[in-house]
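These notes are about the structure you will find just below.
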Amino acid sequence: SVFDVLGTHVNAPKAWGREVVVNWTFTDTHEQIAVTLRHGALTHVAGKRVGNAAATVSLTRAAFNALVLGQNTLAAAQAAGAATVTGDNSAAAILFEVLDRFDAGFPIVEPRRPR
């Protein structure tokens, strides 16, 4: 899932002291995902909402994809009416604050350089 990919982008030292649980609801696909950021790692459970979540974010999958791709911010999506946040707005934004952006097409093995 997209949350598995996001988990690989978490900057663990930056996220280490942050702990948050956020429910995500995609209004068009009716998916529900409970996401936990704890000890520098991101985990999720699909098809579930948790009662102790700091926030619940409701938006379309397309609006979420724009957030993940860096084409929009959560605050801008809320201002445009594309997303609603119930609970702690800053808790929902933490997920995107601890992500590193890197080129996924980097070479894993470099060719041997001539001596």
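Figure the gain on full extension for ARG61 and VAL45 (residue separation times 0.36 nm, minus the Cα-Cα span) and round it to one decimal in nm.
Residue separation times 0.36 nm, minus the Cα-Cα distance, leaves 4.1 nm.
Computed over protein heavy atoms with a 1.4 Å probe, the carbon and sulfur contribution to the accessible area of the chain reaches 54%. The local environment of THR36, defined by Cβ-Cβ distances under 13 Å, has a net charge of +3 under the rule Lys, Arg +1 and Asp, Glu -1. Applying 0.36 nm per residue to the separation of ALA54 and ASP4 and subtracting their alpha-carbon distance, the gain on full extension is 15.9 nm.
Taking the Cα centre of the chain as origin, work out the dipole magnitude from +1 charges on Lys and Arg Cβ and -1 charges on Asp and Glu Cβ, in debye rounded to 20.
Here the chain has a charge dipole of around 380 debye.
The stretch between ARG18 and ARG115 holds 30.2 nm of extra length on full extension. This uses 0.36 nm per residue minus the Cα-Cα distance.
Could you work out the relative contact order of the chain? I mean the mean sequence separation of Cα pairs under 8 Å and 6+ apart, divided by the number of residues, in percent.
So the answer I get is 26 percent.
To the nearest Å, what is the center-to-center distance of region 36-115 and region 19-35, using C-alpha atoms only? First find each Cα centre; the distance between them is then 11 Å.
Just in region 1-89: which chymotrypsin sites (Phe, Trp or Tyr not before Pro) are loop by DSSP and have at most 16 other Cβ atoms within 10 Å? Those satisfying the criteria are TRP16.
The values are calculated or read from the model by the stated rules, or taken from the named source; none is laboratory data. Remember, it's a predicted structure, so these values are computed and weren't measured experimentally. Note that each Cβ is placed from the backbone with ideal geometry, even for glycine, and that neighbours are counted across all protein chains shown. When the accessible area is computed, the model is the full protein with side chains, heavy atoms only, and any ligands, DNA or RNA have been set aside. Shrake-Rupley method; radii C 1.70, N 1.55, O 1.52, S 1.80 Å.
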